[in-house]
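Q: What follows is a single structure, and I will ask about it in a moment.
The values are calculated or read from the model by the stated rules, or taken from the named source; none is laboratory data. Keep in mind it's a predicted model, so treat the numbers as computed, not measured. Please note: Cβ atoms are built from the backbone with ideal geometry, for glycine as well, and neighbour counts cover all protein chains shown.
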Amino acid sequence: MLARVVLNEHGGQFPRDPEQLVTLPGIGRSTANSIATFCFDACAPILDGNVKRVFTRCFGIEGFPGNAAVEKQLWTLAEELMPAKQADIYNQAQMDLGATLCTRSKPRCADCPLGEICVARATNRQVELPQRKPRREIPQREVTLLILRSKNHVLLERRPPVGIWGGLLSLPELPEQASAEVFVAQRLACQIDGVLSAPTAIHLHPFPLAHHTIDLQCHGASTSNGIRIGMARLG
Ligand code: SF4
């Protein structure tokens, strides 16, 4: 793909300018600057994970570096600090410093050439910086199911085709706000023969799905004679 773009859009000549390099497929800003610096003697800053860690610690930059505003701040800093000459040596030194001294855990601050000016070292915040990605709040959904048993059978219903467990057989789900007694009386009354025991609540542990957590409540009940449709045999 990249080779085709270079051939078709750049006459087969690999671009040298960072602004052209960054338009190539799969090449981001830091990689473009890195290629331009190391291959074509350009003067452009890089900002890989190692360099971001050095900057956030050395300058005490708050916030998750993947956040657009924080990343912008880091790029501004990187451009301001960029020397006019020997950009390749400077960029390599930045990356090596992050990879060997200012490591993710146990940075070797006593050996670091930035130790005298480093905010994280002065404030003992090396573990806190750079800040981690904020945790996403996982929405919780309450679902109440009815376990209606008759001897060794249990009532199952096919769920609507879309939504959670779409199209699958499931224990009947109670609409929000509906009590188990009202649900059984109104919706299932015609399916039940004999006497229905009073539903008892069973609270299960919440369990996680891909995008939310289900807080599952069940109401268990049984009939004396049976249910006429939708029965699945237990065991
Ligand atoms: S002094 Fe420590 S925390 Fe600060 S840049 Fe150097 S190695 Fe990283």
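Q: Only one of CYS218, CYS190 is part of a strand (DSSP E or B) and at pLDDT below 80. Can you tell me which?
A: Of the residues listed, the single one that is part of a strand (DSSP E or B) and at pLDDT below 80 is CYS218.
Q: Quick one: what pairs do we get from segment 167-181, first residue surrounded by 18 or more Cβ atoms within 10 Å (Cβ to Cβ), second of a type outside the set (Val, Ile, Thr) and in a loop (DSSP other than H, G, I, E, B), C-beta under 7 Å, 6+ apart or different chains?
A: Here the result reads LEU171/LEU156; ALA180/LEU174; ALA180/PRO199, each pair linking segment 167-181 to a residue that is of a type outside the set (Val, Ile, Thr) and in a loop (DSSP other than H, G, I, E, B).
Q: Next up: Can you find a residue in segment 31-50 that is farther than 29 Å from VAL6 by Cα and touching a Leu at 6+ places or on another chain (Cβ under 9 Å)?
A: yes
Q: Let me ask you something else. Working carefully through the options PRO160, PRO65, find the one that is in the same structural domain as ALA201 (by TED's automatic domain parsing), assigned to a loop (DSSP other than H, G, I, E, B) and on the phi < 0 side of the Ramachandran plot.
A: PRO160
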